[in-house]
1. Every residue in the stretch 580-597 that is part of a loop (DSSP other than H, G, I, E, B) and either of a type outside the set (Ser, Thr, Tyr) or buried (at least 18 other Cβ atoms within 10 Å of the Cβ) (or both), please.
2. Suppose we keep only residues that are aliphatic (A, V, I, L, M) and not in a helix (DSSP H, G or I) within the stretch 1-33. Which one would you say is modelled with the lowest pLDDT?
3. Test Gly564 against the stated conditions and say whether it is under 26 Å from Val429 (Cβ atoms), among the small types (Gly, Ala, Ser) and either surrounded by 17 or more Cβ atoms within 10 Å (Cβ to Cβ) or over 36 Å from the mean Cα position of the chain (by Cα) (or both).
4. Would you list the helices (runs of 4 or more DSSP H) that sit entirely within the stretch 181-260 and hold 1 or more residues that are out of contact with any Lys or Arg (no Cβ under 6 Å at 6 or more places or on another chain) and modelled with pLDDT of 95 or more?
5. Can you name every one of the helices (runs of 4 or more DSSP H) wholly within the stretch 108-169 that holds 2 or more residues which are of a type in the set (S, T, N, Q), touching a Leu at 6+ places or on another chain (Cβ under 9 Å) and assigned by TED's automatic domain parsing to the domain that holds Glu208?
6. Output yes when any residue across the stretch 302-314 is touching a residue at least 40 places away in the same chain (Cβ under 8 Å) and in a loop (DSSP other than H, G, I, E, B), and no when none is.
7. Since Gly26 meets every condition but one in (1) surrounded by fewer than 21 Cβ atoms within 10 Å (Cβ to Cβ); (2) closer than 28 Å to Pro194 by Cβ, which condition does it not meet?
8. Yes or no: the stretch 189-201 includes at least one residue that is small (Gly, Ala, Ser) and either outside the structural domain of Gly8 (by TED's automatic domain parsing) or within 32 Å of the chain's Cα centre (by Cα) (or both).
Amino acid sequence: MAKKLLTGNEAIAQGAYEADVSVATGYPGTPSTEILENVSKLYGDIYCEWSPNEKVAFEAAVGASTTGARAMTTMKLVGLNVAADPLMTLSYTGVNGGFIAVVADDPGMNSSQDEQDTRLFAHFAKVPVLEPSDSQEAKDFMKAGFELSEQFNTPVILRTTTTVSHSRGVVETADRVKLDRPHSFKKDPQRYVPIPAFARGMRVRLEERVEKLSEAASKSALNRVEWNENGDRGLGIVTSSAAYLFVKEVFPEANVLKLGWCYPFPDQLLLDFSNAVEQVVVIEELEDFVELHMRTLGLKPFGKKIGGEPLVPKYGPLDVDVLKKVRATLAANPATAKYFPNDAAPAPQTALPELPTLPNRPPVLCPGCPHRGLFYALGKFKTVVAGDIGCYSLGVAPPLNCMDTILCMGGGITVAHGMDCAKNDTPVVGVMGDSTFFHSGMTGLMDIVYNKGKSTIVVLDNRITAMTGHQDNPGTGKTISGDETFAADIAEIAKAMGMKNVVTVNPRKLDETSAALKTAIESDEPWLIIAKEPCPLAYRKKLEHGVRVNQDKCKKCGSCLKLGCPAIERNAEKVVSINDSLCVACGLCMQVCKFGALEQFDLKSSKGGLV
């Protein structure tokens, strides 16, 4: 045994190691990304891969499981949408070696386009879902999940949240226990081939499995009751995940049913706990998942509402401040006020000094980001821009104002095609990144070619999966372990699909980029423009030149500010300057200035002479 300070994601990787996982796959997506990165870096004997998308990752892990190997796949909440197809069928066929899909939810949408609750997916697919509340449980639940998976031949979802994934805690680690068993697929069509004749029997067995899982959940140590030490059985709180930690802090006098295994629902445990207390309150993040089920059991808990009034928010993350408001509402309600006798007259508190408000720091494209040049050039045309998921989503913000729709990964191409099919009265341009192209853009491009579309598509190829922290993808020529491999070529792929008009431009060269956009937008044929230039954060290089403002030439017109570059600053007197600590000398501002006021100089020269 050893103790380590680990994030939830690091602890999940540790749990995978201790459980003797053989294969780990995934697609990067905050807040789940660091799980697979840690498995790859720390545990070299586990096969790891960044797959092109979550569906591929899920299916590869399933293949490993069929041989008897323990396998895991990682993704964020919206990634489960992509992997839903194999998930639904895997719940029918079941698994051989233990299989866990780690899905990281994002209450509050810190880095996601929606706030879906993965527990609903687990219910839909009829597979168990485990919810750790801290790093120690994140590690322990991984090991328990594999045992559960193999005991019941079922896939298991381990649901984390942003709070669990990124917070740190002390974790007791253990040695890896190697499983002494061969990895060999044994043919069994009636088990693994869900054609209708076989699938009907699978469906019956699935329902039988859910019943057995519900019974097991009621007895599992993953769920526990923490009784009030004084024997007061007035208030009982049912909770799970990180919300449990906040409940313990804000409601120290409550009896708590802490659910680590929330589905299939532990019916008997929910009934026994509810019957042992006077009033039950359900405190859970996002959907009223457990609360609604308790009502089907004939119970009457308070949860998202109390007496018709809001109680626990149905959106956003829960924390101590939110639960203090929940407590105040309960203390003021006649039905529950008696459980909080000391809350009516709170003790006077010493007034704290007011702290200065921190300035807002909205996300912005980084200095030198190649996407900025493409969006600046595109902004010169009257178009509708169908966007996608990635750093380039920030093109929607002023001053670029160059993004009109975002649907999902791959939607940049398909939404643009749909608008063109409807004969939109303004030219449409679809935009997506290189990793997104490999994820789910190729099928959309094929749709345009096959159905004789005319859309202009731009792939912003910055040579990396940037938004999630610079992970490699099929176009970078490196695997997750840094090994050299085949580098997929977007232009060649497009041509192989039948796209005739394919051009590659450097988005830092505005004239070149604008000319390509003009040709494509005015054409009656489909075009693919590849805006290819590496991300300066991922591919750092020593600067040889800098940029400065010649104040004698500057007219204070503000044209350079329309780039939205953080390195370009202007004071109250409208004097423009370049922040040397941010500037990467990409040269865009020099191309935009009509008066030649922005000048490049040699950093190697002690005198800083002009270039």
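The values are calculated or read from the model by the stated rules, or taken from the named source; none is laboratory data. It should be emphasised that the depicted structure is a prediction, and the values quoted were computed from it without experimental measurement. Please note: Cβ atoms are built from the backbone with ideal geometry, for glycine as well, and neighbour counts cover all protein chains shown.
1. Hits for the stretch 580-597 are Asp580, Leu582, Cys583, Val584, Ala585, Cys586, Gly587, Cys593, Lys594, Phe595, Gly596, Ala597.
2. Among those that are aliphatic (A, V, I, L, M) and not in a helix (DSSP H, G or I), it is Met1.
3. Yes: the conditions hold for Gly564.
4. Helices (runs of 4 or more DSSP H) meeting the threshold: 196-219, 243-250.
5. 135-152
6. No: the stretch 302-314 contains no residue that is touching a residue at least 40 places away in the same chain (Cβ under 8 Å) and in a loop (DSSP other than H, G, I, E, B).
7. All conditions pass for Gly26, except number (1).
8. The answer is no, given that none of the residues of the stretch 189-201 is small (Gly, Ala, Ser) and either outside the structural domain of Gly8 (by TED's automatic domain parsing) or within 32 Å of the chain's Cα centre (by Cα) (or both).
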